[in-house]
Every structure is written in structure tokens, then in C-alpha cells.
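First up is the structure itself, then whatever we jot down about it.
The values are calculated or read from the model by the stated rules, or taken from the named source; none is laboratory data. Just so you know, these numbers come straight off a predicted model, no measurement behind them. With ideal geometry, Cβ positions are generated from the backbone for all residues, glycine too; neighbour counts draw on all protein chains shown.
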Amino acid sequence: MSKFINFPQNFAWGTATSAYQIEGAAREDGRKESIWDVFSHTPGRVANGENGDVADDHYHRWKEDVQLMKELGYKAYRFSLSWPRILPDGRGQVNQPGIDFYNRLIDELLAADIHPLVTLYHWDLPIALPGGWLERSTPEAFAEFTGVAARAFGDRVKQWVTINEPFCASFLSYKYGRHAPGIQDPYKALLAAHHVLLAHGLAVPVLRAEVQGASVGITLNEGPFYPATNSQNDLDAARHADGELNRWFIDPVYGRHYPADMLKDYVKAGVLKTTDPDFIHPGDMEKIAEPTDVLGLNYYTRSIVNTKDHIGNFPDNVHPTPQADEKHTEMGWEIFPFGLYETICRAYFTYKPKEIFITENGASYSDAPDANGRVRDVRRIEYLQSHIEAIGRAIQSGVPVSGYYVWSLMDNFEWAFGYAQRFGLIYVDYETLKRYPKDSAYWYGNVSRQNGLMTE
């Protein structure tokens, strides 16, 4: 029997993007290079040799994009600021055209009655900062950037995310080398992770000081890990994978220090010399645990893991085991909405954040416009429906979930995958840059307007 699931009043039904993935205009109006500009122009780093030089050309088409959001009925929009567009050298001289661009965007969103949620860092670190996240000076530069952004936009933007997915900004970038700057060194990954978390901790009090009524949080990509069997090796592999992707980041943010079992693992593996790493300075952990208002969670799938003698998608000697009997998106990710419910409940009942946003959730499918320009992406609708139902279940279980942001507003530059993977509610023709709202875009607009959805 079908029933309608109502969501809390003022629930934020939104979409999400990031600057490097959609803006383009890589060399316009004073913007300088980020690590992703360099990485994407390095042969062999990105599928088909693609880059974000033009992307969706949102820098020039922002007005059209906001109008589409308004027409579709979306209530909120999560976007990131391009650090090298605002501070081209990472710190110091402010680039006024960059400030002007985001002022225009924010004003247009507010005029359209769309609530802005700003992410300060979504991986486009200015190349001008020597050593990147391996240097303690970078968190200090980030705090400076935070202050510039807060003073420029804080009169209108009240909701802020400091860092998007610190796991990707550190481990994926400095251990596995799949993201910029493309380094493969486990110790450097731990060092980078610490500095990224420290940057978050330094940014929080800056936002509090500069933005009246600020709501501040961090966004973590989380998901459950299940052992492939009940063997001790597989159980240990799942524990380690969970430690690296999930607990290494959420534990210190909520004042629990780095997980003791992981510190022992890294010592045993020869990555660390002791369980008291030399990169932790006095007062660091207290700064990282600076109290926040909201926890952002990005969820896409679960992983079933076993031990194998190679480097996989997550920690060394662990790789996801494909489940041929389950449905997968075109990213090869299993569709497992229960994992979202599990992730939300674990985060809330373990760490007690004041509220939770689902800051990213979505699916990649390559459905294209037909002769009439219609994109019939039924699979994406089914994916979103099942995951929104999981959120409704979490709310019924007592979790204060206050918003849901679909990844993504539109097809875009999907990092190392280039333009091959399409997560958007809006189809983008990369030849003409014309936008085509997919069936899912209209479906999601109805969910937003009704503040809920009908279940089967």
C-alpha cells in the first residue's frame, strides 16, 4: 500500500555543484591555476585528456542556471568558491572580479528564493601555495581565505561548509594518486589529512567571528564496509577500510582523536614510527574538534571488502568485491539505499551532531536527449526515490536531517573520469553547452514543491 512521506517543515531540497567542475573560465578575470588545472593538463591523469578549462561555462551562464533552478522548483543550492579565483596566490591580494562573480550569483539565488549553502574548499587548491596540504602554512592560508569569503558574502550567506570530503583531498590525492596532485605516499596522505582537518578547525572560529548567525559544518564522504566473509582477515579488512574512509575523519572532528586501532595499523605497516605522529602539534586536536552546527554527509554506495594482495579503491590490501547480483550505476557502484540509512544513523547516534545534511547523493547514467529533447532517465528517478525514502526512515528514527542535495545540478567535469560520467539532473551538451532538464529534474522539483514523496 502506497503512502506519502512528509518531510520536516523548511527541509532544504537542493542540488550541489563545485567550482572547478562547472565554472570554466579558467584563465579569465584574474583567476590563476589550481592543482586541478595542472593535474588535468598532465597526460594520463584524466580520462580522454579532458580538463575543466570550459566545463559547463557556468561562469558566463550562471544567470541561466539559476533561472533553471527556480523554474524546476529547487529550494537550495550548494556550490563551492574557487579559491584561486578569489585569492589567486592563495593568500594576500584579493581578486575583485572573483568576489564580484560570487556576489552576482548569491544575489540572483536569493532573488529566486533559493537558499545558498557555500562550500569553501572543494579541492581546487591554488598552485601558488608551495607544498600544498603537506605544509602547515596551508591551513593558515585557508583561514585567511575563509575570512575574505566570510566578510564578502556573510551578510547574505549563513550556511557554510568548510571542507568537502577530506578523505579525497588527502588519501585519494596523496596516497592513491588518483586526484590532484597525484602523489602516492601513505605518510604524506596522513600528513595532508591532518592539515586538511586543521584547516577546517581554523576556519570555524573565523566564520563565527565574521558571520552573524553562521551555521558551520564539514562534509564527509561516508559509507558502510561489510566483510565478504566472517574470516578474521576479511573482518579486519572491513575494520581498516572503515577506519580510513570514515573514522579517521569523523572521530577527530567530534573530539575523539585519531582511531587507536588505525594508528597501530599504520605503525605495523611502517607508515608511522609511533602511535603519536610527529605532525600533531600541541593544541591541534582541540582546534580540529572546534564545535560545529551541522554535519554534511555524502553517500553513494557501500563496499563489501576482502583481503587481496594489491591496492584497491580504498586501503592497501583491500578492494571492493563486485556483487554481480545487485544493480549498479554506470560508475560501477552498487545501488544500496539502506547504506544511507545506516550511515545517517551511525553518524547521529555515535557522534551526536546537532543536525545533518545529505550534501551529496546521486547516480551516473548516460541517458541522452531524444529527438524531442527529452531525457528519460527512469533509473535516476528510481535511485533518488529509494534514497530519499531512506532519509525519511532516518528522520522517523529520530535523526534531525534538515536537507538533501542531489549530486548534481547538471552534468559536469567528473574529476579523473572527465566528462564520461553524467550525474546531473540537467543534461549538458558539451559541444553547444545547451542545457536539457532530464525527467528526473522535473520529478525532483515536484518532490521539493510537495515537501515529500509517495512510496510504493
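List of remarks:
- Qualifying position, being touching a residue at least 24 places away in the same chain (Cβ under 8 Å), within 24 Å of Ala347 (Cβ to Cβ) and not in a helix (DSSP H, G or I), among Leu297, Leu272, Leu245: Leu297
- Residue count for the stretch 395-446, restricted to those that are over 23 Å from Trp123 (Cα atoms) and among the acidic types (Asp, Glu): 3
- Options Arg78, Arg151, Arg136, Arg91; residue that is under 30 Å from Ile356 (Cβ atoms), over 19 Å from the mean Cα position of the chain (by Cα) and basic (Lys, Arg): Arg151
- Some residue of the stretch 31-46 being over 21 Å from Asn95 (Cβ atoms) and not in a loop (DSSP other than H, G, I, E, B): yes
- Residue in the stretch 194-230 that is surrounded by the most Cβ atoms within 10 Å (Cβ to Cβ), counting only those that are touching a Gly at 6+ places or on another chain (Cβ under 6 Å) and either part of a helix (DSSP H, G or I) or among the β-branched types (Val, Ile, Thr) (or both): Thr219
- Failed item, numbered, when Arg376 is tested on (1) crowded, with 22+ Cβ neighbours inside 10 Å; (2) over 20 Å from Tyr77 (Cα atoms); (3) basic (Lys, Arg): (1)
- Residue in the stretch 58-90 that is surrounded by the fewest Cβ atoms within 10 Å (Cβ to Cβ), counting only those that are within 25 Å of Phe11 (Cβ to Cβ) and of a type in the set (S, T, N, Q): Gln67
- Filter pass, Asp65 being touching a helix residue (DSSP H, G or I) at 6+ places or on another chain (Cβ under 8 Å), charged (D, E, K, R) and outside any loop (DSSP other than H, G, I, E, B): yes
- For beta carbons closer than 6 Å, sequence separation of 6+ or different chains, a first residue in the stretch 83-96 that is within 9 Å of Ala128 (Cβ to Cβ) and among the polar types (S, T, N, Q) and a second that is at pLDDT 95 or above and in a helix (DSSP H, G or I), there are no qualifying pairs.
- Screening Asn412 against (1) in contact with a helix residue (DSSP H, G or I) (Cβ under 8 Å, 6 or more places away or on another chain); (2) closer than 21 Å to Arg247 by Cβ leaves a single unmet condition, (2).
- The conditions of being surrounded by fewer than 24 Cβ atoms within 10 Å (Cβ to Cβ) and part of a loop (DSSP other than H, G, I, E, B) are met by Pro181.
- Filter pass, Arg136 being more than 21 Å from Ser402 (Cα to Cα), in contact with a helix residue (DSSP H, G or I) (Cβ under 7 Å, 6 or more places away or on another chain), basic (Lys, Arg) and touching a residue at least 40 places away in the same chain (Cβ under 8 Å): yes
- The listed residues are Asp276, Asp316, Asp309, and the only one of them that is at pLDDT below 95, out of contact with any helix residue (DSSP H, G or I) (no Cβ under 7 Å at 6 or more places or on another chain) and loosely packed, with under 15 Cβ neighbours inside 10 Å turns out to be Asp309.
- Verdict on Ala394 being touching a residue at least 24 places away in the same chain (Cβ under 8 Å), touching a strand residue (DSSP E or B) at 6+ places or on another chain (Cβ under 9 Å) and under 26 Å from Pro166 (Cα atoms): yes
Conditions (1) among the aliphatic types (A, V, I, L, M); (2) touching a strand residue (DSSP E or B) at 6+ places or on another chain (Cβ under 8 Å), marked per residue:
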site: Tyr174; (1), (2): no, no
site: Arg178; (1), (2): no, no
site: Tyr226; (1), (2): no, yes
site: Ala238; (1), (2): yes, yes
site: Gly243; (1), (2): no, no
site: Asn246; (1), (2): no, yes
site: Phe249; (1), (2): no, yes
site: Pro252; (1), (2): no, no
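- Checked against the criterion of being small (Gly, Ala, Ser), at pLDDT 95 or above and either over 25 Å from Leu117 (Cα atoms) or surrounded by fewer than 19 Cβ atoms within 10 Å (Cβ to Cβ) (or both), the candidates Ala394, Ala390, Ala371, Ala363 yield just one match: Ala371.
- Flag for Val118 being out of contact with any Cys (no Cβ under 6 Å at 6 or more places or on another chain), under 23 Å from Thr162 (Cβ atoms) and in a loop (DSSP other than H, G, I, E, B): no
- Some residue of the stretch 376-393 being β-branched (Val, Ile, Thr) and within 26 Å of Leu220 (Cβ to Cβ): yes
- All positions within the stretch 231-250 that are surrounded by fewer than 20 Cβ atoms within 10 Å (Cβ to Cβ) and at pLDDT 95 or above: Arg247
- Close pairs (7 angstrom Cβ cut-off, 6 or more residues apart or separate chains): more than 22 Å from Trp62 (Cβ to Cβ) in the stretch 431-456, of a type in the set (D, E, K, R) and assigned to a strand (DSSP E or B) anywhere: Thr455/Lys3
- Ala260, sole failed condition from (1) surrounded by 20 or more Cβ atoms within 10 Å (Cβ to Cβ); (2) modelled with pLDDT of 95 or more; (3) hydrophobic (A, V, I, L, M, F, W, C): (1)
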